1. Against the longest alpha carbon principal axis of the chain, how many degrees, from 0 to 90 and to the nearest 10, is the axis of helix 117-133 turned?
2. With a 1.4 Å probe and all protein chains left in place, how much accessible area per residue does the stretch 90-201 have, in Å²?
3. Please list, or write none, the lysines whose alpha carbon is within less than 29 Å of the alpha carbon of Lys433, excluding same-chain residues fewer than 8 places away.
4. Counting only protein heavy atoms and using a 1.4 Å probe, what share of the accessible area of the stretch 61-112 belongs to carbon plus sulfur, as a whole percent?
5. Over the stretch 360-436, what lengths in whole Å, largest first, do the semi-axes of the equivalent ellipsoid take, defined as the square roots of 5 times the eigenvalues of the alpha-carbon gyration tensor?
6. Which of Asp151, Asp212, Asp227 moves the most in a Gaussian network model of the chain with Cα springs under 10 Å?
7. Which GluC sites (Glu not before Pro) in the stretch 28-99 sit in a loop by DSSP (not H, G, I, E or B) and have at most 15 other Cβ atoms within 10 Å of their own Cβ?
8. So what is log10(I(q)/I(0)) for the stretch 73-159 at q = 0.16, 0.21, 0.27 1/Å, when the Debye sum runs over its Cα atoms only?
Amino acid sequence: MKVLKFGGTSVGSAERMKHVANLVQDGEKKIVVLSAMAGTTNTLLKIAAYVKAGSVTGAENEIYMLELKYEKEVQNLFSTEEWRENTWSGLKKLFLDLREETHRPYSLKLEKRIVFFGEVFSTFLFENYMRELGADCASVFALDFMRLNEDSEPDMQQTEMLLSKQLHEAGEHEIIITQGFICINAQNEIDNLKRGGSDYSASIIGACVEADEIQIWTDIDGMHNNDPRYVEGTQPVPQLSFEEAAELAYFGAKILHPTCILPAKMKSIPVRLKNTLDPEALGTLISNDYKKGKIEAVAAKDGIAVVRIQSDRMLLAYGFLSRVFSVFEKYKTAIDLIATSEVAVSMSIDDTSNIGAIVNELRRLGTVSFETGLSIISVVGDLRSDNLGFEAKVTEALHDIPVRMISYGGSDHNISLLVRTEDKVKALRSLSKALF
């Protein structure tokens with residue numbers, strides 16, 4: 001069995017849904033995981049924002065416009081009046097439920113219940129279309145099996161048990177359809193796996209059923225060796241290791257959600273990135289294999305700040321770093337890169353929501369400064385110490401660009417450099433020229 005996830009652009013219109021329906025009808029057993037149709041989640045977040053602002057009229061206007069969009073898609077998707085009427089009748093009931101939610105007092109829990117409708121809309125449309133085609137399909141509801149634990153992480157044991165039960169009750173079918181992104185948390189409330197979490201859903205499901213392969217279908221032909229928005233002539237990377245793909249996803253490659261890799265890696269299930277618009281393209285295969293002595297790709301991550309703390313007492317001071325890290329832990333702020341010297345430490349972060357409080361507490365330990373408007377440039381591949389010269393190529397390519405920090409040696413697969421965001425594009429192009 002395979003697990004196939006289709007993103008929002010892949011199911012973003014009636015025509016795209018028809019294309020996906022053709023792709024999945026190949027006689028092989030599979031679970032199809034769908035995101036919300038492109039633009040729907042953003043609209044639902046707008047509706048939640050109107051509820052928060054106390055504007056019932058604003059929320060109703062957004063719902064009305066979204067309802068018109070889906071009515072149009074129903075007309076374009078189905079070929080028989082019977083299926084148009086049945087599907088639109090079901091959607092109207094869902095929109096009625098959505099309207100009822102908007103009349104409740106705003107809370108973050110309510111916002112998650114509002115956003116949840118995106119995936120429900122798309123799977124309802126797609127399942128009905130597949131049934132009109134006469135496909136051998138059934139559906140399982142993500143809220144009936146996808147579970148989070150007390151730490152808001154996937155509860156793999158419970159999810160596997162519940163999913164097995166749902167699949168057994170659904171019976172034998174060529175195609176099983178379900179929602180990505182949405183789940184139930186430890187408090188038994190509707191929750192989600194954060195934006196982009198449909199990738200995570202597919203990986204979790206694939207691990208639970210021990211799939212032969214997990215396929216992530218988007219509108220680009222695999223993970224490229226540089227950012228095609230800024231660099232001309234980029235190429236898809238045919239093969240990456242789990243470690244390399246995780247580094248690229250975390251440090252800026254947008255095609256794959258960073259958390260997607262772990263469940264597949266734990267079960268050694270290959271992940272294939274495919275292009276819905278060009279299904280014959282090879283895409284990128286992510287597995288335990290890697291190419292020795294090869295730089296694979298470059299990625300960039302914006303919105304970075306660096307915090308520097310200097311202390312005369314740091315020299316041989318036992319526990320200094322643990323006290324520094326405890327401040328970031330207190331404010332649940334992850335550190336991306338770190339560099340230390342005898343009397344100073346620099347750390348980069350991508351969440352600056354608590355930067356003021358963090359700096360104030362760190363000042364008890366030394367002199368603190370911070371800088372924003374930075375980007376992390378990551379060079380990923382097989383960069384082990386016996387492959388001589390890679391670090392020299394990287395630094396030489398950036399010889400005329402000010403580098404704020406370099407992180408090398410913490411991973412066999414990554415050299416990361418901190419630059420001003422205004423220098424990011426120049427850095428990406430220089431690295432592409434030097435490395436590829």
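The values are calculated or read from the model by the stated rules, or taken from the named source; none is laboratory data. Just so it is clear, the model here is predicted, and its values are computed rather than measured. All Cβ positions, even for glycine, are placed from backbone atoms using ideal geometry, and neighbour counts span all protein chains on display. Only protein heavy atoms, including side chains, enter the accessible area calculation; ligands, DNA and RNA are left aside. Shrake-Rupley method; radii C 1.70, N 1.55, O 1.52, S 1.80 Å.
1. So the helix axis and the longest Cα principal axis differ by about 50 degrees.
2. On the way: 5060 Å² over 112 residues.
That works out to 45 Å² for each residue.
3. Lys254, Lys274, Lys291, Lys292, Lys294, Lys301, Lys393, Lys424
4. On the way: 1560 of 3120 Å².
The nonpolar share, carbon plus sulfur, comes to 50 percent.
5. Numbers: eigenvalues 140, 59, 16 Å².
Taking √(5λ) for each Cα gyration eigenvalue gives 26, 17, 9 Å.
6. So, out of Asp151, Asp212, Asp227, the one fluctuating most is Asp151.
7. Numbers: sites: Glu28, Glu60, Glu62, Glu67, Glu71, Glu73, Glu81, Glu82, Glu85; in loops: Glu28.
When the GluC sites (Glu not before Pro) of the stretch 28-99 are filtered for loop state and at most 15 Cβ neighbours within 10 Å, Glu28 remain.
8. -0.80, -1.06, -1.29
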